[in-house]
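Asker: Quick one: the structure is below, questions incoming.
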Amino acid sequence: MNRKKLFWMSLIVFSLLFSTGPLGWSAEPIYIAFSGPLTGNYAEYGQNWQKAINLAVGWINAAGGVNGRPLEIVYGDSKSDPKESAALAQKYTSDPKFVAEIGDFTSTACMAAQPIYDRAGMVQLSPTASHPKFAPGSIWSFGIIGTQAGEGPFMARYAVQLLGKKKIAVLYINNDWGIATKDYFIKAAKEMGAEILAVEAFFEADKDFTGVLTKLRGYKPELLYIPSMYNEMALIAKQREKLGWMDVLLMGPGSLYSPKLLEIGGPSVNGLYTSAVFFPKDPRPEVQKFVKGFEEKYKASPNMFAAIAYDGINLLTEVIRKAGTDRKAIRDELTKTKNFPGVTGKITFTERRDVIKDYRQLVIKNGEFTLYEAK
Amino acid sequence: MLILAQFINGFTQGSIYALIAIGFVIIFGTMNLVTFAHGEVYMVGAFMGFFALSLWHLPWYLALAMGMGVAWILGFLIEKIAFRPLRAAGHMPPLLITIGLSIILKDLAVILFGAENRPVPSIYGETIKIAGFQISLLQLFIIALAGLLIIVLRLLIQGTKIGRAMRATAQDHEAAYAMGVNVNRVFSISFSLASCLGGAAGVMVGVYYNAVYPVMGDTAGLKGFAACILGGLTSIPGAILGGLIIGIVENLTVQFIASGYRDIVAFLVLVIVLVIRPQGILGKKIRAV
């Protein structure tokens, strides 16, 4: 081939490559590490995170990146297994290119990795860890979902005061999050004068709830409070229907707020009470920008988990913009966060490095989440 | 009343365990071998049932037939690939091959179907009241269906030529061979038949718990095997009894102790029975299907 022609061709190809896309950056990217469940039981949550984060990063880089440097997320799949999240933490903290970490999903997975981030001195910002002991556990840990210390009393008020149900039974998932969630709910409900008739646990892999439901039914509760994820909740709702136990209300915390619950649960989850920190019909401009962008890119509406991850990555970006890429400077700047306008509400860290959220009461009607209206 | 409800829960679960356990009994009885891929055959049957019910919207009996059919084919292939070439190699190699097959099938299912839980649509969602007591129609349906399959199996084994050949092979396959029984064919049919029952159990579990997922065969295979040992390894009535005992003990444990203890107590019962009666509840000295 003609050498001159080859030279010009390659020049054109290279100039095209460098004028658009990520190759156009001359500066070294800023790396943020991601640890979350991209496969396994919690895959839907982690994949929603990934979508929201990719959307946010796309916008950030299109607008010139962070202080002239592109932002890059390195994704690691933890399956929300504490063994995996700890291994990822080991990998991330030992690589100096990472400035901070976002993740993991369950409180258990976060708390398993926590000592590693703590020892290495790297920010661990979990979008969803709501265990009250997570954020206070290390000066490097931050939680932005709000803790059960806030949601527990909120749900108790919903059950006892709004719905007027005083006879309550609890069926919870036996992990760190489930135990904390039921404890805060029970404490608050008792203070409001409710009677807790029975408390039963199930395990993460359980699929058969007929036995435990039959047992709980014997206590004749008016309301069943179920701290769990959507998978188990859908099965519990279906199996309860099969047992013909209809004279009880089902309620669970905001972890249930996902279209998958409606898809798996079908008509069985109608009438289920839950809560949310993010509601896509919220008219605030930042919410609408996010919802529209997400719908255009993925042809699906974002859920709470996408929203909270979106807030997390935007918050980290904002902090890095102010403080630079030093791991310690990022942490110090993060603690100063005040009224950061997230799509899940304003973020202001308490001295325990978690936040107090505003919740909305929801109820499922005709296969859709709707705002609860008092009669 | 609650105890009765837990009994019915346990009976339903137990009749599904019994179907799995019978599969182990047939395989062990005729071939004198144990398979560890039985739970995965059950899982494949369950997925087939899920596809038939929720993607193709077929009626339950077609879904059941398809689940059993796929399991039959899978059983036929497993026997052909893993057992037949190694007939002379003793017990260990086929056992190890089935462990490998179990891992392969599980991972294949994760790749092909995804790791998440698949929702299976409910059938017979209603409950009926008998003497003021509410009973789920689906539970009655599952118990009846399991019973029907067991009766058909009994007729097959007692009343047909191939059933007679199976019983003869179970007693002594060399003698059966000498008498002109096509032992290879008997092995193949026995294995397929056992797998077919596993597939039926899979479809029933999918409908009962509304959940189908790739690793569902792990616990089911273990419980079915435990039921088979409890019953005496080579006795079909024993396997049924073993399955029902495990199912009922599990649900009574949930009622009287806690949900987390169900497997502990179920296996504890197994250990105690084996200590007292090492041959199992209905185990005999002479092997017979």
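Asker: Only one of (1) without any contact (Cβ under 8 Å) to a residue 60 or more places away in the chain; (2) more than 14 Å from chain A (Cβ to nearest Cβ); (3) over 20 Å from residue B:200 (Cβ atoms) is not met by residue B:127, so which one is it?
Answerer: Failed condition: (2).
Asker: What do you reckon, is residue A:79 over 21 Å from residue A:333 (Cα atoms), under 21 Å from the mean Cα position of the chain (by Cα) and not in a helix (DSSP H, G or I)? Full working, then the answer.
Answerer: Values: over 21 Å from residue A:333 (Cα atoms): yes; under 21 Å from the mean Cα position of the chain (by Cα): yes; not in a helix (DSSP H, G or I): yes.
For residue A:79, the condition - over 21 Å from residue A:333 (Cα atoms), under 21 Å from the mean Cα position of the chain (by Cα) and not in a helix (DSSP H, G or I) - is met.
Asker: Restricted to the range A:203-242, and to residues that are among the acidic types (Asp, Glu) and more than 26 Å from the chain's Cα centre (by Cα), which residue is farthest from the other protein chains (Cβ to nearest Cβ)?
Answerer: A:222
Asker: Only residues that are β-branched (Val, Ile, Thr), touching a Phe, Trp or Tyr at 6+ places or on another chain (Cβ under 8 Å) and away from chain A (no Cβ under 13 Å): list them for the range B:98-124, please.
Answerer: B:98, B:99
Asker: How many residues are free of Cβ contacts under 8 Å to residues at least 40 places away in the same chain, over 17 Å from residue A:42 (Cα atoms) and either within 13 Å of another protein chain (Cβ to nearest Cβ) or not aliphatic (A, V, I, L, M) (or both) if we restrict to the range A:245-266?
Answerer: Final tally of qualifying residues: 4.
Asker: Given the criteria in contact (Cβ under 8 Å) with a residue 60 or more places away in the chain and within 29 Å of residue A:216 (Cα to Cα), does residue B:270 qualify?
Answerer: When the stated conditions are applied, residue B:270 does not pass them.
Asker: Given the conditions (1) within 13 Å of residue A:313 (Cβ to Cβ); (2) within 16 Å of the chain's Cα centre (by Cα), which single one is not true for residue A:99?
Answerer: With (1) within 13 Å of residue A:313 (Cβ to Cβ); (2) within 16 Å of the chain's Cα centre (by Cα) applied to residue A:99, the lone miss is (2).
Asker: Looking only at the range A:221-275, which residues are outside any loop (DSSP other than H, G, I, E, B), modelled with pLDDT of 90 or more and aromatic (Phe, Trp, Tyr)?
Answerer: Residues satisfying the conditions are A:225, A:273.
Asker: Taking helices (runs of 4 or more DSSP H) that fall entirely within the range B:1-81, which contain at least 2 residues that are farther than 17 Å from residue B:215 by Cα and at pLDDT 95 or above?
Answerer: Values: elements: B:2-31, B:38-50, B:60-78.
Fully inside the range B:1-81 and qualifying: B:2-31, B:60-78.
Asker: Collect the residues in the range A:158-175 that are over 23 Å from residue A:209 (Cα atoms) and within 23 Å of the chain's Cα centre (by Cα), keeping them in residue-number order.
Answerer: Listed by number, the list holds a single entry, A:158.
Asker: Of all residues being of a type in the set (A, V, I, L, M, F, W, C) and buried (at least 22 other Cβ atoms within 10 Å of the Cβ) in the range B:29-38, which is nearest to the chain's Cα centre (by Cα)? Just the residue, please.
Answerer: Among them, the one singled out is B:37.
Asker: Here is a list: A:132, A:115, A:82, A:96. Which entry is without any contact (Cβ under 8 Å) to a residue 24 or more places away in the chain and touching a Ser or Thr at 6+ places or on another chain (Cβ under 8 Å)?
Answerer: A:115
Asker: Suppose we filter A:211, A:193 for residues that are at pLDDT 90 or above and either part of a helix (DSSP H, G or I) or not assigned by TED's automatic domain parsing to the domain that holds residue A:154 (or both); which single one remains?
Answerer: Testing whether each residue is at pLDDT 90 or above and either part of a helix (DSSP H, G or I) or not assigned by TED's automatic domain parsing to the domain that holds residue A:154 (or both) leaves just A:211.
Asker: Any residue that is crowded, with 20+ Cβ neighbours inside 10 Å and farther than 18 Å from residue A:128 by Cβ - is there at least one of those in the range A:71-80?
Answerer: yes
Asker: Kindly indicate whether any position in the range B:39-46 is surrounded by fewer than 21 Cβ atoms within 10 Å (Cβ to Cβ), within 14 Å of another protein chain (Cβ to nearest Cβ) and touching a strand residue (DSSP E or B) at 6+ places or on another chain (Cβ under 9 Å). Step through it out loud before you land on a result.
Answerer: Taking the range B:39-46 as the starting set, the residues that turn out to be surrounded by fewer than 21 Cβ atoms within 10 Å (Cβ to Cβ) are none.
Looking for residues that are surrounded by fewer than 21 Cβ atoms within 10 Å (Cβ to Cβ), within 14 Å of another protein chain (Cβ to nearest Cβ) and touching a strand residue (DSSP E or B) at 6+ places or on another chain (Cβ under 9 Å), one finds none in the range B:39-46, hence no.
Asker: Also: Scan the range B:55-71 residue by residue and report those that are over 18 Å from residue B:145 (Cα atoms) and either touching a Lys or Arg at 6+ places or on another chain (Cβ under 9 Å) or in contact (Cβ under 8 Å) with a residue 60 or more places away in the chain (or both).
Answerer: B:70
Asker: Among the residues of the range B:226-247, is there at least one that is assigned to a helix (DSSP H, G or I), within 14 Å of another protein chain (Cβ to nearest Cβ) and among the hydrophobic types (A, V, I, L, M, F, W, C)? Lay out the reasoning, then the answer.
Answerer: Filtering the range B:226-247 down to residues assigned to a helix (DSSP H, G or I) leaves B:226-231, B:236-247.
Okay, now just the ones that are also within 14 Å of another protein chain (Cβ to nearest Cβ), so B:246-247.
Narrowing further to those that are among the hydrophobic types (A, V, I, L, M, F, W, C): B:246.
Scanning the range B:226-247 turns up at least one residue that is assigned to a helix (DSSP H, G or I), within 14 Å of another protein chain (Cβ to nearest Cβ) and among the hydrophobic types (A, V, I, L, M, F, W, C).
Asker: Looking at the range B:58-89, which of its residues are surrounded by 14 or more Cβ atoms within 10 Å (Cβ to Cβ) and either of a type in the set (Val, Ile, Thr) or touching a His at 6+ places or on another chain (Cβ under 6 Å) (or both)?
Answerer: B:70, B:73, B:78, listed by residue number.
The values are calculated or read from the model by the stated rules, or taken from the named source; none is laboratory data. Everything numeric in this text was worked out from a predicted model, so none of it was measured. Don't worry about glycine lacking a Cβ; one is built from the backbone with ideal geometry, like all the others, and counts go over all protein chains shown.
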